[in-house]
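Below is one structure; the comments refer to it alone.
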Amino acid sequence: MGNVMTNPVLETRDLHRTLGEGADRVHVLRGINLRLDRGKTYSIVGPSGCGKSTLLYLLGLLDRPDRGEILLNGRRVDHANESERTRIRGKHIGFVFQFHFLLSEFTAAENLMLPMLKQGGIEREAAYEKACHLLRLVGLADKTGRRGNQLSGGERQRVAVARALANDPDLILADEPTGNLDFKNSITLFEQLQGLAHELNRTILVVTHNRELAEACDATLSMVDGMFE
Amino acid sequence: MRQNILIAWRFLIAKKRAMIMSLTGIVFGVAFFIFTQAQTSGFEGFFIRTILGTNGTIRVQDEFQHTVTSMMVASQAGDNRFEIPLREGRTYIPGIRNPNQLLEAVRQFSGVEGAAPVLRGDVQISSGFRTEAGRTIGILPKEYLEVSDLEHQIVNGDLRVFSETPDGILVGTRLAERLGILPGDFLHLNHVGEKRRYRVSGIFETGIDFFDKTHTFVHLQEARRLLDSMERVSYIQVMTRNPDRAPALAAQMEYALGHYVASWQEREKSWLEVFRVLRISSALSMSTIILIAGLGMFNTLAIIVMERSREIAILRSVGFSRRDVLSIFLYQGLIVYLLGTVIGCILAAFLTKGVESLPIRIRGIFSTDHFLVSWSIWHYLSAALVAGVVVIVAALIPARRAAKVEPGEVIRGTGG
């Protein structure tokens, strides 16, 4: 799948993952092979418990596979140590979760500045400018100084999208990003996500239950029982 | 690092009330720790200065009696004989037989600032009004001033007059009150039928109630005549440069001189022990306040970790390492610690300064009319150390728990 002429941003080979112990042990992922190309949007759909989110966390280096390989920009990252994984996550991967998880004591702009300043190589003023620019892209130019608890649910999720873009990641992983929003806000957010991916040449992988949103992506992967159909 | 401190600060501010409670506990714990130490050390220091100023740091006293017997052992061949010394307990010959010789020897020890012979005896002291039982101390004024603070203990009269008057006498302030005498008056000392008349040159106050109530000073030569001891003295009073080293020096002297030698620490052991117990007891009590504040902080931080697990997870997912998360929570402890310790130290300084001028009348092992405090950087450092240990432990446990948060598990759990 994908364009074989370009180097993939992310690739997996025979990825396996089991969760639980003893009698509760479940083989969640059973040999996942995946290739994501730059600038494309992908969606993963499937019934609850089929392993979508587990796959997403493996790809985001928030979890480790039992077997198989994950390659980011051609480099194997699945067996990287803890600090290396942290560094890769901060620099190459952006996350959007079902819940925004903004730091409520920080303003929208500050929530974006934290990962930038943590990553380093940017002055505070420049980070603020960049945060304002990203918030403008998601339609929140006038909300930069608002704290998390002063924003609506849709606005918070858009801040979370902007935060995912803060360090110019190669890959954005979104787990049910519209799962907590009404239909109108879901459409707006998804269109913004897709528009940004194309505009900024980022790769986006979205896990969703929403078939309509999934089909709006460049490619849709359907998962059943830990495998792609 | 700056990001971590900022996050720590904002997390703290969000739990303002709980953190103010912990902060208050640390402030009062630190302040009262220092305050009580300043008081106990103040009284202890004054007591030590009083007894050193009166009794010196070391006393060379009774001579050891030779009690070593020996057992001769010989081989069957009759050669290779050797002796086994057997010490059968220690006995003493009261007083010092050759004071001048011993004085010379004592002055040879390094660290000795002065040594003075003292002849002491119980006497009846009579003025025109009444008679009191007491004790007289025969001294050589010039030498005695090197081993005591007598010069500064004269509250009425003149020490120079005493030095220049062979029949002069110095009388303790409480004794002078009881006898109703003043400088210039006469009194009699009576010892086993020998009665001599003296002119009061001055009144002294050492601060030790018993001493001031019973003691008088006369010239050594006068004491010899009165107490009928023309050669011996009771002891040699020694002043050393470093009072803390007195026990070691006393042990050396005892070994070298063959006399019983007591340091001021040995003589005042029971009182020093009382002060030590008081100091430890107050330190422990005040540490309990800090400990309770630490428990409060531990509780607050543990709650923050539980409540913030999602935020911690997102921080981890956007590039914050376990060490960053650990440091965020340790910084929260550090902020409370620094604020609490600084404010506590300032409060302690004000309290100590305030209590210093409070009147309190104490008569007994020493006398004072106001509170005694000691200003020592060690009290502040000790309080800071105790608070530091408590806060580090209180912050470290929740911080480690926060650092162990697995972002994947937390986020997956939240998603349902």
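Site pair B:SER357 and B:HIS370 shows an inter-label distance of 0.8 nm when each label is modelled 7 Å from Cα along Cα→Cβ. Let's test the formula: R0 of 35 Å, r as the Cβ-Cβ distance of A:ASP182 and A:ASP14. What FRET efficiency results, to the nearest 0.05? The calculated FRET efficiency here is 0.30. For a straight C-alpha distance cut-off of 12 angstrom, the aspartates and glutamates reachable from B:LYS142 (same-chain residues fewer than eight places away being disregarded) are B:GLU151, B:GLU164. With neighbours defined as other Cβ atoms within 10 Å of a residue's Cβ, the residues B:TYR235, B:TYR92 order from fewest to most as B:TYR92, B:TYR235. With respect to chain B, whose longest principal axis is taken over its alpha-carbon atoms, helix B:16-55 is tilted by about 10°. Counting, for every residue in A:129-141, the Cβ atoms of other protein chains within 10 Å of its Cβ and taking the mean gives 0. Convex hull volume of the Cα atoms of the protein assembly as shown, normalised per residue: 284 Å³. Residue by residue along B:306-318, Cβ atoms of other protein chains within 10 Å of the local Cβ number 6 on average. Here the 3J(HN,Hα) profile of the range B:375-382, calculated from phi with Karplus coefficients 6.51, -1.76 and 1.60 at θ = phi - 60°, is 9, 9, 4, 5, 4, 5, 5, 5 Hz, Gly and Pro shown as x.
With each label modelled as a point 7 angstrom along the Cα→C-beta vector, the B:ARG323-B:LEU381 pair spans 3.0 nm. With the simple spin-label model, which puts each label point 7 Å out from Cα in the Cβ direction, the A:SER222 to A:LEU200 separation comes to 3.2 nm. Amide H to amide H, with H built 1.01 Å from N, B:GLY114 comes under 5 Å of B:MET239, counting only residues 5 or more places away or on other chains.
As a proxy for reagent exposure, ranking A:GLU176, A:GLU21, B:GLU266 by other Cβ atoms within 10 Å from fewest up yields A:GLU21, B:GLU266, A:GLU176.
Between 0 and 90 degrees, the angle of helix A:183-200 with respect to the longest Cα principal axis of chain A falls at about 90 degrees. In this calculation the C-beta distance from B:MET21 to B:ILE392 is compared with R0 = 30 Å, giving a FRET efficiency of 0.95. In order along the range A:96-103, the phi-based Karplus estimate (6.51 cos²θ - 1.76 cosθ + 1.60, θ = phi - 60°) of 3J(HN,Hα) comes to 10, 9, 4, 9, 5, 6, 7, 7 Hz; Gly and Pro are listed as x.
Let me have the 222 nm mean residue ellipticity of the protein assembly as shown computed from DSSP H runs of 4+ only, each contributing -39500 (n - 2.57), with the sum over all residues rounded to the nearest 500. Per the formula, -15500 deg cm²/dmol.
The numbers here are math on the coordinates, done by the rules we state, and not lab data. Remember, predicted model here, so these are calculated numbers, not experimental data. Ideal geometry is used to build each Cβ from the backbone, glycine not excepted, and the neighbour counts take in all protein chains shown.
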